[in-house]
Amino acid sequence: MSVCGGGPKFTTLNGMDLSRTLARRLISTVDNLRDLMTRFGLRPYEVRMVRTKWSGGERGLGQEFVVFDEPILPTPLILGMDGITRIVQPVGLDEVGGCQLSQVSGRYAEGYLTGRDSDGNPLDEDTQYYFEVVFPTPGEVADGAPRRRFYASTAPLYDPSNFEWRVSLQRSHSDRRNDGSPY
């Protein structure tokens, strides 16, 4: 479509194959550079996407069991973990607050970051998803380290100029056991 009788033609997103843009093609290169942060030991944690189901047919009813547990790779940057504070509860210490994931690979789809299944379907009534952050201590595998559970407090934001998704996270009160099984 031209403007004012034959002026310049501009690109529209309608029908455009975004996978062929320079920004999309550079994502794998940027991901390889981000992975260096983990290799150098500058991101000494794991960020995982976890989905669980409940045996009673709806969230919170029956036994909870893990159906999906994968690391988000390359390891994203966690900002604001100092915003997580410990408060004293009648049953012990609890952590509250939020943080932000940034530099989440642009190769992920928004649906993945919102817990949808691989076909893009929304969660069933008996399924929930959350993010988990694991800080293993030196010489320890992540399986034995405490697992902090977070939920997305906002919709993921895609920033194409930085080849990244950003997700605001809020601390959840129930973590999985160190062996990975739900409480």
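The values are calculated or read from the model by the stated rules, or taken from the named source; none is laboratory data. Since the model is a prediction, treat every value here as computed from it, not as a measurement. All Cβ positions, even for glycine, are placed from backbone atoms using ideal geometry, and neighbour counts span all protein chains on display.
Listed conditions (1) touching a Ser or Thr at 6+ places or on another chain (Cβ under 8 Å); (2) at pLDDT below 85 are all met by Ser118, apart from (1).
Yes or no, residue by residue, for (1) surrounded by 10 or more Cβ atoms within 10 Å (Cβ to Cβ); (2) in contact with a Lys or Arg (Cβ under 9 Å, 6 or more places away or on another chain); (3) at pLDDT below 90:
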site: Thr21; (1), (2), (3): yes, no, yes
site: Val30; (1), (2), (3): yes, no, no
site: Met49; (1), (2), (3): yes, no, no
site: Ile72; (1), (2), (3): yes, yes, no
site: Leu77; (1), (2), (3): yes, yes, no
site: Gly98; (1), (2), (3): yes, yes, no
site: Leu101; (1), (2), (3): yes, yes, no
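Among residues of the stretch 45-100 being of a type in the set (Asp, Glu) and over 17 Å from Asp175 (Cβ atoms), the one that is nearest to the chain's Cα centre (by Cα) is Glu70. Residues that are touching a residue at least 60 places away in the same chain (Cβ under 8 Å) and out of contact with any Asp or Glu (no Cβ under 9 Å at 6 or more places or on another chain) within the stretch 40-62 comprise Pro44, Tyr45, listed in sequence order.
Does the stretch 138-145 include one or more residues that are surrounded by 15 or more Cβ atoms within 10 Å (Cβ to Cβ) and at pLDDT below 95? For the stretch 138-145, residues surrounded by 15 or more Cβ atoms within 10 Å (Cβ to Cβ) and at pLDDT below 95: present.
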